[in-house]
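Here's a structure for you.
The values are calculated or read from the model by the stated rules, or taken from the named source; none is laboratory data. In this text, all values refer to a predicted model and were calculated from it rather than measured experimentally. Glycine gets a Cβ as well: all are built from the backbone with ideal geometry, and neighbour counts include every protein chain shown.
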Amino acid sequence: MLYHLETSNLFETVADFRSENPLTSFGPLVSDAELASVGLVNLVDVHAPGFDPMLHDEVLQGIAQVDGVWLATYGHVDKPMPTEQRMAIVVQRCDEALTAHLEATAKARRWDGRISLAVRAGYPNPWQQEAIAFGTWMDACNALAYQLMADVQAGRRPLPASPKELIDLLPPMVWPGSAE
């Protein structure tokens, strides 16, 4: 995004700037110095935490120079949509976050993923105790997450503000032999 210092206009591209100024000849406008020669600066976008393009519209809150860098800061507002549609999107996001959390936990122990770790619980092997502990924890996380989402859908609890809020409600993984 480009910002014109004199007019406070925003431009997605140099081509957009050129189309707004058709009777003026500019050089290539590639480098920061060339952009500055016509009063343009590159903006670095700073997005609000928790922004989800399916659920929110971004709102430009301000443009400022900080430590020599021009920043465009954004907030967000909820997109207007039926409650059922919003809930379906949040449930999908929570499911994606849960799967990613389970995968990351398994991979942190150098497993390929949650499935390859959990399957080791089914037969005697050197990793069976670790696999049983993980599978038990994974099932507890799934049961809790799906119960929370059922409670949301039944109106017994509010919709999580973010998938992270759901993940924060899950119990920690305690590996065999750890002091946690």
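The rows are residues; the columns are (1) in the same structural domain as Asn9 (by TED's automatic domain parsing); (2) closer than 30 Å to Leu10 by Cβ; (3) surrounded by 15 or more Cβ atoms within 10 Å (Cβ to Cβ).
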| position | (1), (2), (3) |
| --- | --- |
| Val59 | yes, yes, no |
| Ile63 | yes, yes, yes |
| Val66 | yes, yes, no |
| Thr73 | yes, yes, yes |
| Gln92 | no, no, no |
| Glu96 | no, no, no |
| Glu103 | no, no, yes |
| Ala121 | no, no, yes |
| Asn125 | no, no, no |
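Which one is modelled with the lowest pLDDT, of the residues in the range 122-149 that are within 23 Å of the chain's Cα centre (by Cα) and under 20 Å from Glu84 (Cα atoms)?
First pass over the range 122-149, keeping only residues within 23 Å of the chain's Cα centre (by Cα): 138, 141-142, 144-146, 148-149.
Adding the requirement that they be under 20 Å from Glu84 (Cα atoms) leaves 145-146, 148-149.
Details: Ala145: 92, Tyr146: 89, Leu148: 90, Met149: 85.
This residue is Met149.
Does Phe26 qualify as being aromatic (Phe, Trp, Tyr) and in a loop (DSSP other than H, G, I, E, B)?
Against the criterion (aromatic (Phe, Trp, Tyr) and in a loop (DSSP other than H, G, I, E, B)), Phe26 qualifies.
Restricting to the range 64-119, what's the tally of residues that are assigned to a helix (DSSP H, G or I) and touching a residue at least 60 places away in the same chain (Cβ under 8 Å)? Spell out how you get there, then give the answer.
Here is the first cut: in the range 64-119, the ones assigned to a helix (DSSP H, G or I) are 83-107, 114-119.
If we keep only those that are touching a residue at least 60 places away in the same chain (Cβ under 8 Å) as well, we get 86-87, 90-91, 93-94, 96-98, 101, 105.
Residues that pass the stated criteria total 11.
Follow-up. Pull out all pairs, ordered by first then second residue, where Cβ-Cβ is under 7 Å, the residues are six or more apart or on different chains, the first lies in the range 11-32 and is in the same structural domain as Leu60 (by TED's automatic domain parsing) and of a type in the set (Asp, Glu), and the second is modelled with pLDDT of 90 or more and not in a helix (DSSP H, G or I).
Glu12/Met1; Asp32/Asn42
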